[in-house]
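One structure below.
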Amino acid sequence: MSAPIFRDPIEDGAADPVVVRREGTDEWWMFYTNRRASADEPGFGWIHGSPIGIAVSQDGGASWAYRGTVKGLDAPGDDGLNTHWAPEVVFAEGQYHMFLSYITGVPTHWKVPRTITHFTSPDLETWTRIGPLKLSSSNCIDACVFHSPDGQWRMWYKDEGQGSSTWSATSPDMMNWTLEGLVLPGSPDAPPHEGPNVFALGGYYWLIVDEWRGQAVYRSDDTLRWTRQGLIADRPGADPMDQRYARHADVVVNGDHAAMYYFTHPEWDERSQTDGPPDVAARRTAIHQARLTVVDGVLVCERDISKDLGLLG
């Protein structure tokens, strides 16, 4: 069954998960947006003011234990509560890198600047601020980083200022980034989307994005040119807590399969309540896992797997 594998014990708003192995150990660390589901804020204040939560697994992803929140991510001079979203965390060039979607303060609406800010760490616990990246607009979030076959580190991200489209930037060393350009158009020319994630599996490169109706899938031979395949995780899972669309996912490859970590709003009827979660119960979220494989060149998602199955072992 597709029961949740983790719920945040403090705010019950875990979203946008990313999973990374702690080098030299058997530990897997999950970083996630810690939305404040019960916050008494007007408008969209409950989505903002979010820290980054941490959960750790020592059994290949079969179980997860809450480890608190990440400290030291606020920009200098930003006193008080700020907004941390959708971290990308990777080990590269001898250290860990975090690319955090950052917003000053606790806005109650969407029309505020956002930046993708770079941090580094030797151990996943202490983070040093490198600074914000200059990208395609002042409304960029949801970074994903992958080492492309052309030798470049490549970042894909959402540009909310340009129709919720996906753009890319490149770097030879993870420290210096150059804007590359538009990858997937958004509204009005194509479905708006967010949360890009790129990985290699089954002899191909894959890009998935959250279209708020499931994960759209694109395939590539080089991470430069992408062909759309369709949607995965757009149909309900078997478990009563996994009946909704799979949202903002991360993928960790393990041999001939991969683990996809995603979140849902178990109590939000998103097909009829299209203006957003109407109450605290509908705001609550859960993290799930699914198994990905490639069959005859097609990415296949198995949503209904046991929550006790460690896909990373």
When the accessible area of the range 187-307 is computed with all protein chains present and a 1.4 Å probe, what percentage of it is carbon and sulfur?
44 percent
Please list, ordered by chain and number, the residues whose modelled amide H lies under 5 Å from the amide H of Val183; skip anything fewer than 5 residues away on the same chain.
Thr166, Trp167, Ser168
Using per-residue counts of other Cβ atoms within 10 Å, averaged over each peptide, order 117-130, 252-265 from highest down.
252-265, 117-130
Once you sort the root eigenvalues of the Cα gyration tensor of the range 97-192 as a ≥ b ≥ c, which label holds: rounded (a/c under 1.5), prolate (a/b larger than b/c) or oblate (the other case)?
oblate
Can you compute 3J(HN,Hα) from phi for each residue in the range 132-145, using the Karplus curve 6.51 cos²θ - 1.76 cosθ + 1.60 with θ = phi - 60°, rounded to whole Hz and x for Gly and Pro?
x, 8, 8, 10, 7, 6, 9, 9, 10, 9, 6, 6, 9, 10
Between the range 1-42 and the range 104-173, what's the alpha-carbon centroid distance in Å?
20 Å
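What number comes out for accessible area per residue over the chain if the probe is 1.4 Å? Units Å², please.
Numbers: 12560 Å² over 313 residues.
Solvent-accessible surface per residue comes out at 40 Å².
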Taking a point 7 angstrom from the Cα of Asp189 along the C-beta vector, which residues in the range 143-170 have backbone N less than 16 Å away?
159-168
Once you have a ≥ b ≥ c as the square roots of the Cα gyration tensor eigenvalues for the chain, tell me rounded if a/c is under 1.5, and otherwise prolate or oblate according to whether a/b is larger than b/c.
rounded
Return the calculated 222 nm mean residue ellipticity for the chain, to the nearest 500 deg cm²/dmol, obtained by summing -39500 (n - 2.57) across DSSP H runs with n ≥ 4 and dividing by the residue count.
0 deg cm²/dmol
Could you give the length gained on full extension between Arg235 and Thr170, defined as 0.36 nm per residue of separation minus the Cα-Cα distance, in nm?
19.9 nm
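The values are calculated or read from the model by the stated rules, or taken from the named source; none is laboratory data. Nothing here was measured: the structure is a model prediction, and the numbers come from that model. Note that each Cβ is placed from the backbone with ideal geometry, even for glycine, and that neighbours are counted across all protein chains shown. Note: areas computed on protein heavy atoms with side chains; ligands, DNA, RNA excluded. Shrake-Rupley method; radii C 1.70, N 1.55, O 1.52, S 1.80 Å.
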